[in-house]
1. From the residues in region 402-445 that are modelled with pLDDT of 85 or more and not in a helix (DSSP H, G or I), which one is most open to solvent (accessible area, probe 1.4 Å)?
2. Of all residues in region 34-60 being of a type in the set (Gly, Ala, Ser) and modelled with pLDDT of 90 or more, which is surrounded by the fewest Cβ atoms within 10 Å (Cβ to Cβ)?
3. Going by the structure shown, is Leu136 touching a residue at least 40 places away in the same chain (Cβ under 8 Å) and open to solvent by 10 Å² or more (accessible area, probe 1.4 Å)?
4. What is the one condition in (1) at pLDDT 85 or above; (2) open to solvent by 50 Å² or more (accessible area, probe 1.4 Å) that Thr141 does not satisfy?
5. Checking the condition in a loop (DSSP other than H, G, I, E, B), out of contact with any strand residue (DSSP E or B) (no Cβ under 7 Å at 6 or more places or on another chain), free of Cβ contacts under 8 Å to residues at least 40 places away in the same chain and open to solvent by less than 40 Å² (accessible area, probe 1.4 Å), which residue from Val159, Val113 passes?
6. Against the definition (part of a helix (DSSP H, G or I), open to solvent by less than 90 Å² (accessible area, probe 1.4 Å), under 18 Å from Thr138 (Cα atoms) and at pLDDT 90 or above), how does Val399 come out, yes or no?
7. Does at least one position in region 145-153 carry a residue that is open to solvent by 10 Å² or more (accessible area, probe 1.4 Å), among the basic types (Lys, Arg) and modelled with pLDDT of 95 or more?
8. So which of Tyr201, Tyr197, Tyr220 ends up being in contact with a strand residue (DSSP E or B) (Cβ under 7 Å, 6 or more places away or on another chain) and part of a helix (DSSP H, G or I)?
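The values are calculated or read from the model by the stated rules, or taken from the named source; none is laboratory data. All values reported here derive from a predicted model rather than from experimental measurement. Because the Cβ atoms are built from the backbone with ideal geometry, glycine has one as well, and the counts that use them run over all protein chains shown. Ligands, DNA and RNA are excluded from the accessible area calculation, which covers all protein heavy atoms including side chains. Shrake-Rupley method; radii C 1.70, N 1.55, O 1.52, S 1.80 Å.
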Amino acid sequence: MGSALENYVNQVRTLSASGSYRELAEELPESLSLLARNWSILDNVLETLDVQQHSLGVLYVLLAKLHSASTANPEPVQLIQLMRDFVQRNNNDQLRFAVCAFYETCHLFTEFVVQKNLSILGIRILSRAIDQIRQLDTQLTPIHADLCLLSLKAKNFSVVLPYLDADITDISTVAAECKTQQQQQSQHADANNDAKYFLLYFYYGGMIYTAVKNYERALYFFEVCITTPAMAMSHIMLEAYKKFLMVSLIVEGKIAYIPKNTQFIGRFMKPMANHYHDLVNVYANSSSEELRIIILKYSEAFTRDNNMGLAKQVATSLYKRNIQRLTKTFLTLSLSDVASRVQLSSAVEAERYILNMIKSGEIYASINQKDGMVLFKDNPEKYNSPEMFLNVQNNITHVLDQVRQINKMEEEIILNPMYVKKALGSQDDDLTSQHPKTFSGDPTD
């Protein structure tokens with residue numbers, strides 16, 4: 001081991017032993033280039049450090065390994081195991097002094113496993129990393145977007161869904177604070193992309209909810225993504241807008257309500273999503289055949305945007321919506337008539353749609369297999385069962401919890417010194433504008 005690396009190990013050991021974690025966290029970034037240059041012997045450095053006692057030192061060795069992964073071409077399984085050991089055994093108190101370095105390590109690790117087609121091996125590791133670094137169960141961190149990406153690549157959503165189901169009440173701003181440190185120390189170029197990882201979380205989250213067919217929640221995630229205040233339109237927002245339009249059709253049969261203060265949609269997004277607006281316009285005609293033609297016409301664009309599967313779901317939703325319209329007009333109808341009215345290819349296909357809709361509770365009906373007749377029924381729910389009472393009670397409890405959370409957040413904002421200063425400044429401006437200026441002399445002189 002070279003003398004420079006020996007100095008690194010001694011520095012980590014000495015400052016860790018004395019509990020000078022802040023000082024160590026401020027000095028270690030200067031050693032990152034040294035570690036990256038000596039990537040071939042970093043395993044020797046790790047052998048001299050203990051993950052629990054020297055978490056900051058091990059973190060920067062891991063960061064250097066991931067920085068040099070493209071040129072060093074390390075053994076994937078070995079590097080993944082190192083990352084797994086670190087998130088399982090590190091000292092969380094030390095980690096708090098190098099949050100930005102930890103975020104960057106997680107981002108680079110995500111890129112590495114995606115590139116090696118080993119995304120599924122990184123899911124549990126990043127889940128553990130999020131649990132370590134977040135201060136609340138409802139806090140959003142930049143690592144959430146990485147976990148969503150790995151889950152999408154692996155098509156495994158069991159781990160990520162509980163994180164997505166938690167309504168966000170706080171956002172980690174540590175990366176934003178790192179910007180000043182980075183400008184001073186010229187380090188961690190990627191850790192300060194708060195907005196990027198915020199948008200990616202809601203974009204990937206919307207894609208995951210779409211994949212599991214929770215379209216209402218997917219619509220909400222895409223809406224947050226496209227309505228986030230910004231100085232310029234992001235490509236992430238544009239792609240989210242395209243998916244927002246399609247999921248809107250599945251959920252509501254039209255474009256869902258968008259707040260009027262979203263300036264980028266009308267000016268930039270809408271002109272760049274003409275194919276999708278054509279789809280919306282044709283959907284409004286309720287003609288499944290016309291919709292099939294427009295999807296076929298723009299199939300190349302939908303495929304290029306990875307939205308062809310979603311386009312097929314839009315087509316399926318129109319068939320279902322047209323069948324639901326029939327339940328409001330007819331009491332009985334033959335399967336062949338259903339197929340003809342909603343433009344399905346055969347009575348067999350109509351039967352398959354109706355059975356699936358009955359199973360999912362979208363319609364209430366029964367099919368007489370002898371004569372091929374469908375009997376449409378009213379909703380049998382009388383809202384007087386113990387299960388329904390419990391459901392209503394749970395919903396009320398959830399709403400009350402939301403009200404308490406909103407009141408708590410409002411109180412925190414009102415008591416925030418920055419908010420008070422800004423509010424008082426606005427009042428002073430209003431008072432100034434209401435009273436004419438006074439002059440010490442006669443203005444007519």
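1. Within region 402-445, the match that is most open to solvent (accessible area, probe 1.4 Å) is Leu415.
2. Ser55
3. no
4. (2)
5. Values: Val113 fails: in a loop (DSSP other than H, G, I, E, B).
It is Val159.
6. yes
7. Yes, because at least one residue in region 145-153 is open to solvent by 10 Å² or more (accessible area, probe 1.4 Å), among the basic types (Lys, Arg) and modelled with pLDDT of 95 or more.
8. One residue alone meets the criteria, Tyr201.
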